[in-house]
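Colleague: The structure's right below; bear with me while I get my questions together.
The values are calculated or read from the model by the stated rules, or taken from the named source; none is laboratory data. Keep in mind that this is a model prediction, so the values were computed, not measured. As a convention, Cβ positions derive from the backbone with ideal geometry for all residues, glycine included, and neighbour counts pool all protein chains shown. Note: accessible area is taken over every heavy atom of the protein model, side chains too, but ligands, DNA and RNA are not part of it. Shrake-Rupley method; radii C 1.70, N 1.55, O 1.52, S 1.80 Å.
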Amino acid sequence: MAQNLRSNRQVSVCLPCRAVGSRPASAPALLFLSLLTSALPARADYAVNLQTPATGLANQVYDLHTLIVWICFVIFIIVLVPMGVALVRHRKSAGHEPAKFHHNTLVEWIWTIIPVLILVSMAWPATQLVVQMKDTSKEDLTIKITGRQWKWEYEYLGDGIRFISNSATSNEQIAGKQQKNEHYLLEVDKPLVVPTGRKVRIVLTAADVIHTWWVPALGVKQDAIPGFIRDAWFKVEQPGTYRGQCAELCGVGHAYMPVVVEAVPPQQFATWMQDQKTQLAAAEEASGKTYSLDELKARGEKVYAANCAACHQPTGMGISGAFPALSGSKIATGDKAGHMDIVLHGKPGTAMAAFGPQLSNLDLAAVITYERNSWNNKVGDAVQPSEIAARKK
Amino acid sequence: MYTATATDTHGHDHEHAPTGIMRWIASTNHKDIGTLYLWFSLFMFFFAGTLAMMIRAELFQPGLQLFQPGFFNQLTTMHGLIMIFGAIMPALVGFANWQIPLMIGASDMAFPRMNNWSFWLLPAAGLLLISTFFVPGGSIGGGWTMYPPLFIQGGIGYDMAILSVHLMGISSIMGAINIITTVLNMRAPGMTLMKMPLFVWTWFITAFLLIAVMPVLACAITMLLTDRNFGTHFFDAAGGGDAVMYQHLFWFFGHPEVYIMILPAFGIISTIIPTFSRKPLFGYVSMVYAVASIAFLSFIVWAHHMFTTGMPVAGQLFFMYTTMLIAVPTGVKVFNWISTLWRGAITFETPMLFALAFVILFAIGGFSGLVLALVPVDIQLQDTYYVVAHFHYVLFSGSAMAIMGGVYYWLPKWTGHMYDERLGKIHFWLTAIAFNITFFPMHFLGLAGMPRRIPDYALQFADFNMIASIGGFLLGASQLLFLYTVVKCVRGGAPAPARPWDGADTLEWTLPSPAPYHSFVTPPLVK
């Protein structure tokens, strides 16, 4: 059963040699678990340990954690045994007369010195690992990650590939109107794709508030902070899909900001890169065309759901006191230029982000058109990608 | 250890106590003010506890059932802020007010009028904080740590919360000044510093921590206030500011704050265990040094809350080493408590049950703290439920359970009645069991990768969350029994003798129960 319990469905890969099944799970955890599972139906979801590591670093973290938990467990037992003996044998009801002693300098020195030695033995492997984690030099590939409320932007530096990765979980699933699927809240529309066996350096920043990019199986968690560039690295050994979430509270969409990393063999990665470049060229071309109001509205609805609905709500009614309603708003029913400006440049000092650098001209045109012609808004005009391009200049 | 001749017979001209509502509003009596603090904290404990019940209700299943994410963030933020500033800290100050003068043989606190003012700031601050739920935009949802730039985004409620924390900070600073002055100047003849009960020592040291760090918090949140309203850019990168600087300032306050909430709890435990072991505290001197070392170390570990912000290697290593060092004095305390038990004549009254549970559960919280101290492991666990489990093991089964044990221990002295031992024991067992059902599974959730502060979670976390919620509801309901037992004891019960615990030897037990309105008007002589 313990084998089952340690499996974790969040990671869909099997590691060949260093299979986690052969590792001891943390002992106190298992003790507690055996108590727990005796009363409950056994299910595979009672994961009690760190996720199956997919990188060398994560593997070392896993081992370090196991070592520390064992040391703590042994010390805990050493502390509990005399306490238990005293509680049983030195009870007043058992007729025990209290002793009078109240200090012993030698003993007190011993139990001050020994913990120091134990701590040094813990600090040594931890120190080595810290130095490794911090060494982001000699990378094969650098990806810039920008945290935004509430999505991740990935940019392959030097290759011109840049895209936004949004949560792909539907509002119906969140509201319980639809069956939740296996990767509920841990799925995105466009994952970060990386090559296996290559040292990937990530540099992180944020556009609005602090976010934290975290993939447990990769052993990487790094804050993305506005105004700073931070870096970290990972080298994925096996192809697979690795899932994580934003870890730093970043507002109302904090729970809905998943990270998905897809590791593929280097050749497949090269093909993927080529595809992305082709798609980018196609998008560039699409922005030059003119679209009908209905075409723009249909596209805009999707863009709105992915980028705007978290604050302004799918109903366009916003949240009173926090996020303004778009339905009936002066900006969304006023002239095009003012509407375009606020979407392109945002509103400093509020949660309204500048979407100009985030979305394509076509998507911007579509979402603005959608906002002007949905709910109670019936302006009737369409904004074309060419108008966005002109307004950006 | 404390042999005192009770020369106090409270002369008749001091006997009259003011009556009616003015007794409480204008009180300068340390016992009345202590009582006010304790009732205030009990109210806030239930208020913030109700918020916790709402959190656990939403987290009972994945998906959004009861609350929208914005409101959920307000629940977690306010639960944390109110429990820390409204429940735990005022409760400990309540203990200080009641017990420090009684335990050092002083007639009152050194500054009785300031004492009154430090208390009466709190209801104002509490009211201001709670009323944020009713303003446009709602209460604060940026986490109790109030990190910018997120904190800059909120509505008027955020400014009200800043003002409220300012008021509570002023209250704490005045309380701390009062405690230090009282301890230094008003000890009974013969009570040297190294003869003071350990509870007094822990509060004495805690008061210095308060004076040192509360102004730092005040500065940090004032900078937030001006960033929000007056166009400054302390923490705004767009204006050349630095969001990480806020975290340094906050945790320079925040880490000592953790010890502000636990050191007096150590003091309570160090009072209860010798009493019910009928044996003097083992290693009194090393206990004092251990508390002082923890207090010192608390100033140089703050950045261990920030390992994922991306510090240089040297920074991470320094804060890892200093953090690990805290295990040494903490270990000394645990070893000393167990040595106090060793070869005693132990009985298991309710306060003792709480104290023993404290030793075991606080040790678990200490171990998880050690796990978190290691940078590489912390990077996996930072901002997960593992951290939530860790700080509830030190703050609930640490501070809160020590406070409950202390309440049962001193209720006979405060009220003149014995509490209902049977109800007290039931309350203890319900609390201890429900606490572990609630918080132990959170270690697993954190290890498996569940972030904290989320209203909704991936499906693999569902089972442990349901267990934690069931435990949480039981834990919340059990506290109603605590309220009932305390109220029952205040209203009546078997009359308490002057010294209901035969192993207790501190000065307060030389007074009749309930302690007279004015005590030690003539200082006792401590031999």
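Colleague: On a 0 to 90° scale, report how tilted helix A:105-134 is relative to the longest principal axis of chain A, with both axes built from alpha carbons and the result rounded to the nearest 10.
Modeller: The answer is roughly 30 degrees.
Colleague: Another question, if that's okay. Say each of A:Gln268 and A:Leu293 gets a label point 7 Å from the Cα, pointing the same way as Cα to Cβ; how far apart are those two points in nm?
Modeller: With each label point 7 Å from Cα toward Cβ, the separation is 4.6 nm.
Colleague: Evaluate E = 1/(1 + (r/R0)^6) for A:Ser121 and A:Ile342, where r is the Cβ-Cβ distance and R0 equals 41 Å; express this FRET efficiency to the nearest 0.05. Working shown, then result.
Modeller: Values: r = 59 Å, r/R0 = 1.43.
Efficiency, rounded to the nearest 0.05: 0.10.
Colleague: Given the options A:Thr369, A:Thr333, A:Thr127, which has the most mean-square fluctuation in a GNM of chain A, springs set between C-alpha atoms less than 10 angstrom apart?
Modeller: A:Thr127
Colleague: Tell me the relative contact order for region A:287-392 as a rounded percent, counting alpha carbon contacts under 8 Å between residues six or more apart.
Modeller: Numbers: 156 pairs, mean separation 38.1, N = 106.
Taking the mean separation of contacting Cα pairs over the length of region A:287-392, I get 36 percent.
Colleague: Let me ask something else. Taking the Cα centre of each part, how many Å lie between region A:163-200 and region A:51-122?
Modeller: 43 Å
Colleague: Using a 10 Å cut-off on Cβ to Cβ distances, tally the other chain neighbours for every residue of B:432-445 and report the average as a whole number. Display every interim value, and only then the final one.
Modeller: Numbers: counts 0, 0, 0, 0, 1, 1, 0, 0, 5, 5, 0, 6, 10, 2.
Going residue by residue through B:432-445 and averaging, the value is 2.
Colleague: With +1 on each Lys and Arg Cβ and -1 on each Asp and Glu Cβ, how big is the dipole of the protein assembly as shown about its Cα centre, in debye rounded to the nearest 20? Before the final figure, lay out each step's value.
Modeller: Working: 58 positive and 53 negative charges, 263 e Å.
The dipole magnitude comes to about 1260 debye.
Colleague: Once you wrap a convex hull around the alpha carbon atoms of chain A, what is its projected area averaged over all directions, in nm²? Provide the component values of the computation, followed by the final result.
Modeller: Values: hull surface 111.6 nm².
Result: a mean projected hull area of 27.9 nm².
Colleague: Let me ask another. On the principal axes of its Cα set, how long, how wide and how thick is region B:354-454? Give whole Å, largest value first.
Modeller: Principal extents (Cα only, largest first): 53, 21, 21 Å.
Colleague: What FRET efficiency would be calculated for the residue pair A:His103, A:Ile229, taking the C-beta separation as r and a Förster radius of 51 Å, to the nearest 0.05? Don't jump to the answer; show the numbers that get you there.
Modeller: Values: r = 55 Å, r/R0 = 1.08.
So, using R0 = 51 Å, E works out to roughly 0.40.
Colleague: How far, in degrees from 0 to 90, does helix B:385-394 lean away from the longest principal axis of the Cα atoms of chain B, to the nearest 10?
Modeller: Roughly 10 degrees between the two axes.
Colleague: Also, quick follow-up: Sort the following peptides by mean Cβ neighbour count (other Cβ atoms within 10 Å, averaged over residues), highest first: B:453-461, B:505-513, A:177-185. Kindly include the intermediate steps, with their values, before the conclusion.
Modeller: Details: B:453-461: 23.4, B:505-513: 21.7, A:177-185: 15.4.
The most tightly packed comes first, giving B:453-461, B:505-513, A:177-185.
Colleague: Jot down the per residue volume, in cubic angstrom and as a whole number, of the convex hull over the alpha-carbon atoms of the protein assembly as shown. Provide the component values of the computation, followed by the final result.
Modeller: On the way: hull volume 149.3 nm³, N = 920.
Output value, Cα hull per residue: 162 Å³.
Colleague: Okay, next question. Please give the helix B:327-341 orientation as an angle from the longest Cα principal axis of chain B, in degrees from 0 to 90, rounded to the nearest 10.
Modeller: Compared with the principal axis, the helix lies near 40 degrees.
Colleague: Give me the distance in nm between label points sitting 7 Å out from Cα along the Cα-to-Cβ direction at A:Gln132 and B:Ala238, one decimal.
Modeller: 4.2 nm
Colleague: Charges on Cβ only, +1 for Lys and Arg, -1 for Asp and Glu, centred on the Cα centroid of chain A; of A:Pro314, A:Leu67, A:Leu362, which one is farthest towards the dipole's positive end?
Modeller: A:Leu67
Colleague: For peptide A:87-95, what's the mean number of Cβ atoms from other chains within 10 Å of each residue's Cβ?
Modeller: Working: counts 7, 1, 3, 9, 5, 10, 4, 2, 1.
Other-chain Cβ atoms within 10 Å of each residue's Cβ, averaged: 5.
Colleague: Moving to a separate point now. Please pull out the direction-averaged projected area of region A:190-268, using the convex hull of its alpha-carbon atoms, in nm² to one decimal place.
Modeller: Details: hull surface 20.6 nm².
Mean shadow area of the hull around the Cα atoms is 5.1 nm².
Colleague: Take each of the peptides B:356-367, B:214-225, B:185-196, B:266-277, average the number of other beta-carbon atoms within 10 Å over its residues, and list them starting from the highest. If you can, show how the numbers build up before the last one.
Modeller: Numbers: B:356-367: 22.0, B:214-225: 19.3, B:185-196: 15.7, B:266-277: 27.2.
For the peptides B:356-367, B:214-225, B:185-196, B:266-277, the packing ranking is B:266-277, B:356-367, B:214-225, B:185-196.
Colleague: Rounded to the nearest 5, what % of the DSSP beta bridges within chain A are antiparallel ones? Working shown, then result.
Modeller: Values: 30 of 41 bridges.
If we restrict to bridges inside chain A, about 75 percent are antiparallel.
Colleague: Of B:Ser513, A:Thr350, A:Gly176, which is farthest on the positive side of the dipole of the protein assembly as shown, counting Cα position, with +1 on Lys and Arg Cβ, -1 on Asp and Glu Cβ, and the Cα centre as origin?
Modeller: B:Ser513
Colleague: Over all alpha-carbon pairs of region A:308-364, lay out the pair-distance distribution in 5 Å bins, whole %, shortest bin first.
Modeller: Computed distribution, short to long bins: 5, 18, 25, 31, 18, 2, 0.
Colleague: When the convex hull of the Cα atoms of region A:278-345 is projected onto a plane and the area is averaged over all directions, what value comes out in nm²?
Modeller: Working: hull surface 23.1 nm².
Directional mean of the projected Cα hull area for region A:278-345 stands at 5.8 nm².
Colleague: How high is the relative contact order of chain B, in percent, with contacts defined as C-alpha pairs under 8 Å that are six or more residues apart?
Modeller: Values: 883 pairs, mean separation 115.4, N = 527.
Answer for chain B is 22 percent.
Colleague: Given points 7 Å out from each Cα along the Cα-Cβ axis, report the A:Ala305 to B:Ile25 separation in nanometres with one decimal.
Modeller: 6.0 nm
Colleague: Now a separate question. What figure, in Å² to the nearest 10, do you get for the accessible area of A:Cys308 with a 1.4 Å probe and non-protein molecules left out?
Modeller: 20 Å²
Colleague: Right, something else. Can you give the average number of partner chain beta-carbon atoms within 10 Å of each beta-carbon in peptide A:178-189, as a whole number?
Modeller: Details: counts 1, 0, 6, 1, 3, 3, 8, 8, 5, 1, 0, 0.
Mean inter-chain Cβ contacts per residue within 10 Å come to 3.
Colleague: Compute, for chain B, the length of the dipole vector about the Cα centre, with Cβ point charges of +1 (Lys, Arg) and -1 (Asp, Glu) only. Units Debye, rounded to 20. Can you show the working numbers first?
Modeller: Values: 20 positive and 21 negative charges, 195 e Å.
The calculation lands at about 940 debye.
Colleague: Send over the semi-axes of region A:84-141's equivalent ellipsoid, whole angstrom and largest first, taken as the square roots of 5 times the C-alpha gyration tensor eigenvalues.
Modeller: Output for region A:84-141: semi-axes of 50, 16, 6 Å.
Colleague: Which value, in Å to one decimal place, does the Kirkwood hydrodynamic radius take for region A:287-392 when every pair of different Cα atoms is included?
Modeller: Numbers: mean 1/r = 0.0745 Å⁻¹.
It works out to 13.4 Å.
Colleague: Roughly how far apart, in whole Å, are the Cα centres of region B:172-237 and region B:482-516?
Modeller: 31 Å
Colleague: B:Leu184 accessible area, nearest 10 Å², 1.4 Å probe?
Modeller: Counting only protein heavy atoms, B:Leu184 exposes about 80 Å² to solvent.
Colleague: Just the number: Rg to Rh for chain B, Cα atoms, Kirkwood Rh, two decimals. Mind dumping the intermediate values first?
Modeller: Values: Rg = 22.7 Å, Rh = 23.7 Å.
Over the Cα atoms of chain B, Rg/Rh equals 0.96.
Colleague: Which FRET efficiency, nearest 0.05, do A:Gln179 and B:Phe230 yield, Cβ-Cβ r, R0 35 Å?
Modeller: On the way: r = 51 Å, r/R0 = 1.45.
Here the calculated transfer efficiency is 0.10.
Colleague: For the charge dipole of the protein assembly as shown, defined by +1 on Lys and Arg C-beta atoms and -1 on Asp and Glu C-beta atoms about the Cα centroid, which residue among A:Asn49, A:Ala298, B:Ile130 has the Cα displaced farthest towards the positive pole?
Modeller: Sorting the options by dipole projection puts first A:Asn49.
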